[in-house]
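The values are calculated or read from the model by the stated rules, or taken from the named source; none is laboratory data. Note that this is a predicted model, so its numbers are computed, not measured. Neighbour counts run over all protein chains shown; Cβ positions are idealised from the backbone, glycine included. These accessible areas exclude ligands, DNA and RNA; they are computed on the full protein's heavy atoms, side chains included. Shrake-Rupley method; radii C 1.70, N 1.55, O 1.52, S 1.80 Å.
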Amino acid sequence: MQKRNIALIGFRATGKSTVGRLLAGELGFTFIDMDRHLTGTFGRDIQCWVRTHGWKSFRDEESRLLKALAGGADLVVATGGGIILDPANCETLRAHFVVVWLTASRETILERLARDPNTIHDRPPLTDLSPALEVEQLLEERSPLYARTADLTLSTDLLAPPDVVSAIARFVST
């Protein structure tokens with residue numbers, strides 16, 4: 001069975017939403033940003049949801065949405081950075097999506113987060129650590145999970161979004 005959907009996985013601020021939007025336009029696919037979709041469903045930002053309901057509730061909603069999207073076709077999906085924490089999500093991704101892991105160095109991620117005025121609302125802290133230590137620790141924990149799930153890995157440190165899109169489009173067309 002040929003996979004009809006593309007999922008972008010990776011840590012926050014690696015370019016999943018930016019690349020996803022451009023890639024969907026290039027391929028004529030529909031773009032879904034899972035975090036944006038969930039905040040629309042919740043009627044509030046992720047930080048408010050998590051403060052009220054907790055991370056487990058958010059992850060459960062994220063898993064439900066992924067399962068629903070897996071039944072679609074011609075989708076480019078920008079996942080949340082923690083989607084790979086649930087092994088069932090990794091199985092869903094591998095079964096129904098061409099999975100592209102977008103990477104970036106800790107320094108690049110921190111610089112992008114600092115530049116993003118929506119970071120506080122869109123990307124609540126995941127730990128009680130400083131931002132630099134949080135990024136370092138979570139990258140170390142999550143990288144093996146991303147690697148096991150991905151069909152293709154691309155670094156966004158030095159590539160402009162259109163170049164990342166071109167690389168993905170070439171990969172999915174072969």
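Taking the helices alone, the chain has a mean residue ellipticity at 222 nm of -17500 deg cm²/dmol, built from -39,500 (n - 2.57) per DSSP H run of at least 4 residues and averaged over all its residues.
Which net charge results when you count Lys and Arg as +1 and Asp and Glu as -1 among the other residues whose beta-carbon is under 9 Å from that of I84?
Computed value for this residue: +1.
Taking label positions 7 Å along the Cα-Cβ direction at both C48 and D116, the computed distance is 1.9 nm, reported to one decimal.
At R0 = 35 Å, how high is the FRET efficiency between L129 and R36 if r is their beta carbon distance? Nearest 0.05 is fine. Intermediate values should be presented prior to the final figure.
Numbers: r = 26 Å, r/R0 = 0.74.
Computed FRET efficiency for L129 and R36 comes out at 0.85.
In this structure segment 1-126 gives 47 Å² per residue of accessible area when probed at 1.4 Å with all protein chains present. What a 1.4 Å probe finds exposed on the chain is 54% carbon and sulfur by accessible area, rounded to a whole percent.
Computed about the Cα centre, the dipole magnitude for the chain is approximately 420 debye when only Lys and Arg (+1) and Asp and Glu (-1) carry charge, each at its Cβ. Between amide H atoms placed 1.01 Å from N, distances below 5 Å from T103 occur with L154, S155, T156, all of them 5 or more places distant or on a separate chain. Summing Cβ point charges (Lys, Arg +1; Asp, Glu -1) relative to the Cα centre of segment 6-74 gives a dipole of roughly 260 debye. How far apart, in nm, are two points set 7 Å out from the Cα along the Cα-to-Cβ line at A160 and at E26? Output for this residue pair reads 1.3 nm. With protein chains left intact and a 1.4 Å probe, residues in segment 133-172 average 54 Å² of accessible area per residue. Only Cα pairs under 8 Å and at least 6 apart count here; give the relative contact order of the chain as a rounded whole percent. Averaging sequence separation for qualifying contacts and normalising by length gives 35 percent for the chain.
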